[in-house]
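Here is the structure we will look at, set down as structure tokens.
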DNA sequence: CTTTTATTGTGAATGTACACACAATAAGTA
DNA sequence: TACTTATTGTGTGTACATTCACAATAAAAG
């Protein structure tokens, strides 16, 4: 396990590098320098090297990085060398959108169970191959049974904290939260928060400053 | 207009303060100190004061901040003292989820037009009150006509850049992008990027480091 | 009107992240 | 094997962000 603290932005950028490397691999590029990679993903080459240096030495001096190897290394660093099962809570509009999002698979994620207070034909028909819908009452049981560690909260904000509590009880260790609420969880549980309102508000700030609408 | 550069995190936090202040107002709290506000939203009180100091003096020494006033001030700072019309491009699963998201209204946003390559009964029936669906060909015309400045891209990644180009042509100045692609736009256009894949990958990094699955 | 109290606004200190510049070094070439 | 070339890995300086600590000051109390 790592000894030194790695900045969060570094992890964020690793994920960008990974996407870029996948593209390069598809294009048939075998070797790339930090300079070229930096160009492609809009990041300073020194930054890339520093980011990677937190985890070891992956390049070859005078040559660069072998695309395939670096991709595998970053995947391993980020824990993406195996598939992750994900539990989805809330099969409303957003939940269904997430279920149909094809991008997860490419990243090695699979929503294999979904939960809702209501189990009806509409929701059942939204389930893709390999994903089972359960009543919300079954959350602890099913998640424990399947040893799932990742969950997505896509319920109304008034219920988000309650859901989070149940997920923690069920053994979930990482939560992606779409509800506009700061979740209270034990510190061994990691939460990432996607807040559409905040994102739009940040846009309007920059716009007002510029166009002075 | 502001003379000094304001860090992006400060804008992010202003948005948090705003939400917190709205909650306080609903609870009937009239005055709050930076210490209490900091407690509530998990931010150092000195940080809050510094953030606000970029824009002026809003508190009363020995007393604190008047909730209602500060809320209005932050709204004004962020350009949220008027309603913003938003154009949505892509009425697939994600687009429909966004159309039904009630949170936007609370923040003063209104999706008033939507565009898709396909205009069929399924999509038309997803339109809420006050939102019109147009064929994608009408983008430039409608957006210019209505002088809309904000747009959300919720199309397949293979089309995102093309859509962005059209939006820029139509006069859009702020884009919220859900497609996993770094958009290329003129520098007077602001883009915020929501990348589900990256968010999940960041989770697995922290998890792997902890539970070493 | 003066003193006390509470809390802001801010200069200075600390901590963190970024970018530069170069020594270290792997591979290719003579 | 020695030399050249390209590019990494990293020590160092700089810029930026956060936190501390206190002087400034508004309101309340005497």
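No lab work stands behind these numbers, since they all come straight from the coordinates. Every value quoted in this text rests on a predicted model; they were computed, and no experiment measured them. No Cβ is skipped: glycine too gets one built from the backbone with ideal geometry, and neighbour counts run over all protein chains shown.
With 10 angstrom as the radius, rank B:162, A:5, B:187, B:71 by how many other C-beta atoms surround their C-beta, starting from the fewest. Present the calculation step by step, with values, prior to reporting the outcome.
Numbers: B:162 11, A:5 8, B:187 5, B:71 20.
Ascending number of Cβ neighbours within 10 Å: B:187, A:5, B:162, B:71.
How well do other chains shield peptide B:71-83, expressed as the mean number of their Cβ atoms within 10 Å of each residue Cβ? Numbers along the way, then the final one.
Details: counts 0, 0, 0, 2, 1, 1, 3, 9, 12, 5, 1, 3, 0.
Mean shielding count: 3.
Under a point spin-label approximation (7 Å from Cα along Cα-to-Cβ), what is the residue B:6-residue B:138 distance to one decimal in nm?
Each label point lies 7 Å from its Cα, and together they span 3.6 nm.
For residue A:147, place a label point 7 Å out from Cα along the Cα→Cβ vector, do the same in each other copy, and report the separations in nm, one decimal, smallest first.
Those separations, rounded to one decimal, come out as 6.1 nm.
For every helix of n ≥ 4 consecutive DSSP H residues, a contribution of -39,500 (n - 2.57) applies; sum these over chain A, divide by its total residues, and give [θ] at 222 nm rounded to the nearest 500 deg cm²/dmol.
Working: 10 runs with 102 residues, N = 213.
That calculation yields -14000 deg cm²/dmol at 222 nm.
At 0.36 nm per residue, minus the direct Cα-Cα distance, what do residue A:83 and residue A:124 gain on full extension? Give it in nm, one decimal, please. Could the numbers behind the result be given before it?
On the way: separation 41, 0.36 × 41 = 14.76 nm, distance 2.41 nm.
Residue separation times 0.36 nm, minus the Cα-Cα distance, leaves 12.4 nm.
Nearest the rotation axis from B to A, which residue of chain B has its beta carbon, and at what whole-angstrom distance?
Nearest to the symmetry axis by Cβ: B:97, 2.
For the residues A:206, B:178, A:55, what sequence is obtained by ranking on other C-beta atoms within 10 Å, fewest first? Each step should come with its number before you reach the end.
Numbers: A:206 20, B:178 23, A:55 17.
Ranking A:206, B:178, A:55 by Cβ neighbours within 10 Å, fewest first, gives A:55, A:206, B:178.
Given an 8 Å cut-off on Cα distances and at least 6 residues of separation, report the relative contact order of chain B as a percent.
Once divided by the residue count of chain B, the mean separation gives 13 percent.
Ratio of the stretch B:84-198's C-alpha Rg to 2.2 N^0.38 Å, to two decimals?
Details: Rg = 12.9 Å, N = 115, 2.2 N^0.38 = 13.4 Å.
Here the answer is 0.97, to two decimals.
By how many degrees, 0 to 90 and rounded to 10, does the Cα axis of helix B:8-26 deviate from the longest principal axis of chain B?
70
Given axes a ≥ b ≥ c from the Cα gyration tensor, I'd like to know whether the stretch B:166-213 is rounded (a/c under 1.5), prolate (a/b larger than b/c) or oblate. It would help to have the intermediate numbers written out before the result.
On the way: a/c = 4.95, a/b = 4.15, b/c = 1.19.
It is prolate, given that a/c is not under 1.5 and a/b is the larger ratio.
How many nanometers, to one decimal and shortest first, lie between the label point of residue A:53 and those of its other copies, if labels sit 7 Å from Cα toward Cβ?
3.3
Taking each residue of A:92-98 in turn, how many C-beta atoms of other protein chains fall within 10 Å of its C-beta, and what is the average?
Values: counts 3, 10, 7, 2, 4, 10, 4.
Per-residue shielding by partner chains comes out at 6.
Over all pairs of distinct alpha carbons, what does the Kirkwood formula give as the hydrodynamic radius of chain B, in Å? Please list the in-between numbers first.
Numbers: mean 1/r = 0.0511 Å⁻¹.
Averaging 1/r across every pair of different Cα atoms and inverting gives 19.6 Å.
I'd like the distance between the alpha-carbon centres of the stretch B:6-50 and the stretch A:74-121, rounded to an integer number of Å.
Using only Cα atoms, the two centres lie 33 Å from each other.
Counting just the Cα atoms, what span does the protein assembly as shown cover along each of its three principal axes? Round to the nearest Å and put the largest first.
If we take the Cα atoms of the protein assembly as shown, the spans are 56, 51, 49 Å.
Find the eigenvalues of the gyration tensor of the Cα atoms of the stretch B:45-115, then list the square roots of 5 times those eigenvalues as equivalent ellipsoid semi-axes, largest first, in whole angstrom.
Numbers: eigenvalues 247, 26, 22 Å².
Values for the stretch B:45-115, descending: 35, 11, 10 Å.
Picking from A:87, A:35, A:151, which is most flexible by a Gaussian network model of chain A using Cα springs under 10 Å?
Top of the fluctuation ranking is A:35.
Under 20 °C and 1.002 mPa s, how fast does the stretch B:8-77 diffuse according to Stokes-Einstein, given a Kirkwood radius computed over C-alpha pairs? Answer in µm²/s, whole number. Don't skip to the end; give the middle numbers.
Values: Rh = 11.8 Å.
Translational D for this selection: 182 µm²/s.
Within 10 Å of each residue's Cβ, count the other Cβ atoms and sort B:144, B:96 from fewest upward. Provide the component values of the computation, followed by the final result.
Values: B:144 13, B:96 23.
Sorted ascending by nearby Cβ count, the order is B:144, B:96.
With the contact rule set at Cα under 8 Å and sequence spacing of 6 or more, what percent relative contact order holds for the stretch B:89-213?
Working: 163 pairs, mean separation 24.4, N = 125.
Contact order relative to length: 20 percent.
Assuming R0 = 45 Å, can you tell me the calculated FRET efficiency for the pair residue A:35 and residue B:63, based on Cβ-Cβ distance, to the nearest 0.05?
Values: r = 56 Å, r/R0 = 1.24.
The value I calculate is 0.20.
Using label points projected 7 Å from each Cα along Cα→Cβ, tell me how many nm separate residue B:191 and residue A:165, to one decimal.
That separation, rounded to one decimal, is 4.2 nm.
Relative contact order for the stretch A:40-122 using alpha-carbon pairs under 8 Å, separation at least 6, rounded to a whole percent? Can you show the working numbers first?
Working: 50 pairs, mean separation 21.3, N = 83.
Result for the stretch A:40-122 is 26 percent.
With r as the distance between the Cβ atoms of residue B:158 and residue B:53 and R0 = 41 Å, compute the FRET efficiency 1/(1 + (r/R0)^6) and round to 0.05. Don't jump to the answer; show the numbers that get you there.
Values: r = 45 Å, r/R0 = 1.10.
Working from the Cβ atoms, E equals 0.35.
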